[in-house]
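Participant: I have a structure here, written as structure tokens, and I will follow up with some questions on it.
The values are calculated or read from the model by the stated rules, or taken from the named source; none is laboratory data. What you see is a predicted model; the values in this text were computed from it and never measured. Heads up, the Cβs are rebuilt from the backbone with ideal geometry, glycines too, and the neighbour counts pull from every protein chain shown.
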Amino acid sequence: QTASIKQVLGGEIAVGSEVTVQGWVRTRRDSKAGFSFIHLNDGSTFGNLQLVADKDLPNYDDEIRHLTSGCSLTCRGKVVESKGRGQSVEIQAGTVEVVGWVEDPDTYPVQPKKHSFEFLRTVAHLRPRTNTFGAVTRVRHAAARAIHEFFDEQGYYWINTPIITSSDAEGAGQLFRVSTLDLMNLPRTDEGKIDFREDFFGREAFLTVSGQLNVEAYCLAMSKVYTFGPTFRAENSNTARHLAEFWMVEPEIAFADLNDLARLAEDFLKFVFTRVLDRCSEDMEFFAERINPEAIERLRKLIETDFVRMDYREAVSILADSGENFEYPAEWGLDLQTEHERYLTEKHCKAPVVVMNYPDEIKAFYMRLNDDGKTAAALDVLAPGIGEIIGGSQREERLDVLKRRMAEHGLDAETYSWYVDLRRYGTVPHAGFGLGFERLLNYITGLTNIRDVIPYPRTPGHAPF
Ligand code: 4AD
Ligand code: MG
């Protein structure tokens, strides 16, 4: 019977049973009494399984005593109660078959000690073998699963929106160009230069910055939809909060306004946090112990607290009257900075805050213009300890207003004609938001750098794996 380490440590395999376990050595320690303790991990759970290998095993001197961190092995043995601290069961090894040695143990990059996050990023292919990245990997999976569960239970459809597109959904010009790269036959201008406007089989194409526009079309037929996939931003910002390639969750609901959207965002976050705390308790305890003491507590608090809703106008006046010495001013027409967001959530409201109805001029073309003619029906969800975590809006559903706003933003009418069709044929009020999946994972784990919650981070000029 082959079992995962999670099954063995979780008590699914009765004491006294024979099992086969497989994994990678974390540490080996030899006792003077003539046996070795091997700590084995297979990724299934945070904990390591202790194997006790006796010197009578036929390969004890030649192999077992030479095992080092990173070696892979298969062990057949008996589940026994453990006298040692830290685990209730261990394996009394019957056979230990070494599957793969570590070529040069002294230079193996993942030594059993604490490595800096900076160093581990340089060995992104090996960092899942550390405690931290094992935990991140399990939490990332659990959060993604909870997201799909939340929407499924509420009757949403998961829509797979395109990666290759010709529209700039955010109108921010932060696009990566897609090229067919037929090097022998590149499109040329009359002067013989490469014609970058025509490199996707004779068309101009980019990597998507957001699936929103595409998912809106499905919303206006299927009512409740979401997209969850990779998105790309060619913004040259080398910060701990920006990636060139990140994953985004974007629900879109029909016959709905900004208040419906605020409710959805609150329900959604509470559901996902509840599931992750539930299913990853050991990993979350590790994050609370080693990364951020608040990691668990702040999620619990958020689950229990009602989110505060306020207009941007009110937020700005609270900030202006706060008496705080902010680095950036908070005044009408400027976007809120992280310091402002943290003041509102941590000091003023002591709760997550949904800021609504932003000045129209700092918002995207698709956001619905309010009756005051000055604000757009946009919202940001701000969480204590991190700031903006979700951004969304009610969409402009009126044909004439949308056309006017697209012209004002200088958008090409032909490129977006399909999007305008949605207002021409059975338009309805609808709304949606975007959640950066890695920003969510930073919040959950307490890890402060976005490069440490995605397997292979892509940042400006950096994609070696
Ligand atoms: O605020 P953004 O640009 O909104 C949109 O793309 C909308 N189309 C979403 C929608 O309404 N459907 O991005 C949404 C979220 C941000 O709140 C942030 O969490 C994340 O995406 N995000 C990034 N995450 C990592 N790296 C980057 N460079 C990011 N840019 C945005
Ligand atoms: Mg935003």
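Participant: For region 219-252, what are the residues that are of a type in the set (A, V, I, L, M, F, W, C) and under 16 Å from the mean Cα position of the chain (by Cα)?
Facilitator: Phe228, Phe232, Ala240, Leu243, Ala244, Phe246, Trp247, Met248, Val249
Participant: For Ile450, which of the numbered conditions (1) aliphatic (A, V, I, L, M); (2) over 19 Å from the mean Cα position of the chain (by Cα); (3) near ligand 1 (Cβ under 9 Å from one of its atoms) fails to hold?
Facilitator: (2)
Participant: So for region 123-136 (the condition being part of a helix (DSSP H, G or I) and basic (Lys, Arg)), does at least one residue qualify?
Facilitator: Yes: region 123-136 contains one or more residues that are part of a helix (DSSP H, G or I) and basic (Lys, Arg).
Participant: Kindly provide the set of residues from region 419-432 that are buried (at least 22 other Cβ atoms within 10 Å of the Cβ) and among the small types (Gly, Ala, Ser), ordered by number.
Facilitator: Ala431, Gly432 - these are the residues of region 419-432 that are buried (at least 22 other Cβ atoms within 10 Å of the Cβ) and among the small types (Gly, Ala, Ser).
Quick grid of which residues meet (1) of a type in the set (D, E, K, R); (2) away from ligand 2 (no atom under 16 Å from the Cβ); (3) over 30 Å from Lys270 (Cβ atoms):
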| residue | (1), (2), (3) |
| --- | --- |
| Leu382 | no, no, no |
| Gly385 | no, yes, no |
| Arg395 | yes, no, no |
| Asp412 | yes, yes, yes |
| Arg424 | yes, yes, yes |
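Participant: Could you go through region 212-220 and let me know if any residue there is assigned to a strand (DSSP E or B), within 14 Å of ligand 1 (Cβ to nearest atom), under 30 Å from Gln154 (Cα atoms) and out of contact with any helix residue (DSSP H, G or I) (no Cβ under 6 Å at 6 or more places or on another chain).
Facilitator: No: region 212-220 contains no residue that is assigned to a strand (DSSP E or B), within 14 Å of ligand 1 (Cβ to nearest atom), under 30 Å from Gln154 (Cα atoms) and out of contact with any helix residue (DSSP H, G or I) (no Cβ under 6 Å at 6 or more places or on another chain).
Participant: Being within 19 Å of the chain's Cα centre (by Cα) and crowded, with 17+ Cβ neighbours inside 10 Å is the filter here, so list the residues in region 110-123 that pass it.
Facilitator: Residues satisfying the conditions are Leu120, Arg121.
Participant: Follow-up. I'd like the full set of residues that are in contact with a Phe, Trp or Tyr (Cβ under 8 Å, 6 or more places away or on another chain), among the charged types (D, E, K, R) and within 16 Å of ligand 2 (Cβ to nearest atom), limited to region 219-251.
Facilitator: Of everything in region 219-251, those that are in contact with a Phe, Trp or Tyr (Cβ under 8 Å, 6 or more places away or on another chain), among the charged types (D, E, K, R) and within 16 Å of ligand 2 (Cβ to nearest atom) turn out to be Arg233, Glu250.
Participant: If you don't mind, there's one more thing I want to ask. When you go through Glu297, Glu216 one by one, which is the residue that is away from ligand 2 (no atom under 16 Å from the Cβ) and surrounded by 15 or more Cβ atoms within 10 Å (Cβ to Cβ)?
Facilitator: Every option except Glu216 fails the conditions.
Participant: Here are the criteria: (1) buried (at least 18 other Cβ atoms within 10 Å of the Cβ); (2) under 30 Å from Pro455 (Cβ atoms); (3) not charged (D, E, K, R). Tell me which single one Phe307 does not satisfy.
Facilitator: Single failed check for Phe307: (2).
Participant: Within region 366-385, work out how many residues are more than 10 Å from ligand 1 (Cβ to nearest atom) and either of a type outside the set (Gly, Ala, Ser) or under 19 Å from Pro429 (Cα atoms) (or both).
Facilitator: Counting residues in region 366-385 that are more than 10 Å from ligand 1 (Cβ to nearest atom) and either of a type outside the set (Gly, Ala, Ser) or under 19 Å from Pro429 (Cα atoms) (or both) gives 12.
Participant: Could you tell me whether Leu435 is part of a strand (DSSP E or B) and surrounded by 20 or more Cβ atoms within 10 Å (Cβ to Cβ)?
Facilitator: Against the criterion (part of a strand (DSSP E or B) and surrounded by 20 or more Cβ atoms within 10 Å (Cβ to Cβ)), Leu435 qualifies.
Participant: Could you tell me whether region 143-165 includes any residue that is modelled with pLDDT under 95 and more than 28 Å from Glu408 (Cα to Cα)?
Facilitator: Within region 143-165 (the criterion being modelled with pLDDT under 95 and more than 28 Å from Glu408 (Cα to Cα)), the answer is no, since none of the residues qualifies.
Participant: Determine the pairs where a residue that is at negative phi and of a type outside the set (Gly, Ala, Ser), located within region 133-148, has a partner that is surrounded by fewer than 20 Cβ atoms within 10 Å (Cβ to Cβ) and modelled with pLDDT of 95 or more with Cβ atoms under 7 Å apart, the partner being 6 or more residues away or on another chain.
Facilitator: Note: pairs meeting the criteria are Thr137/Pro128; His148/Trp158.
Participant: Any idea which residue in region 230-277 is nearest to ligand 1 (Cβ to nearest atom), counting only those that are farther than 21 Å from Val354 by Cβ, in a loop (DSSP other than H, G, I, E, B) and among the aliphatic types (A, V, I, L, M)?
Facilitator: Leu243
Participant: I want to confirm something. Restricting to region 426-459 and keeping residues that are among the hydrophobic types (A, V, I, L, M, F, W, C) and more than 16 Å from ligand 2 (Cβ to nearest atom), which single residue is nearest to Asn214 (Cα to Cα)?
Facilitator: Val428
Participant: Quick check on Glu324: is it acidic (Asp, Glu), touching a helix residue (DSSP H, G or I) at 6+ places or on another chain (Cβ under 9 Å) and either within 16 Å of ligand 1 (Cβ to nearest atom) or part of a loop (DSSP other than H, G, I, E, B) (or both)?
Facilitator: Yes: the conditions hold for Glu324.
Participant: Since Asp199 meets every condition but one in (1) closer than 18 Å to Gly434 by Cβ; (2) crowded, with 18+ Cβ neighbours inside 10 Å, which condition does it not meet?
Facilitator: All conditions pass for Asp199, except number (1).
Participant: Looking at (1) assigned to a loop (DSSP other than H, G, I, E, B); (2) farther than 28 Å from Met367 by Cα, find the lone condition where Ala169 falls short.
Facilitator: Of everything listed in (1) assigned to a loop (DSSP other than H, G, I, E, B); (2) farther than 28 Å from Met367 by Cα, Ala169 misses just condition (2).
Participant: Tell me, which strands (runs of 3 or more DSSP E) wholly within region 341-412 include 1 or more residues that are surrounded by fewer than 20 Cβ atoms within 10 Å (Cβ to Cβ) and within 25 Å of the chain's Cα centre (by Cα)?
Facilitator: 387-394
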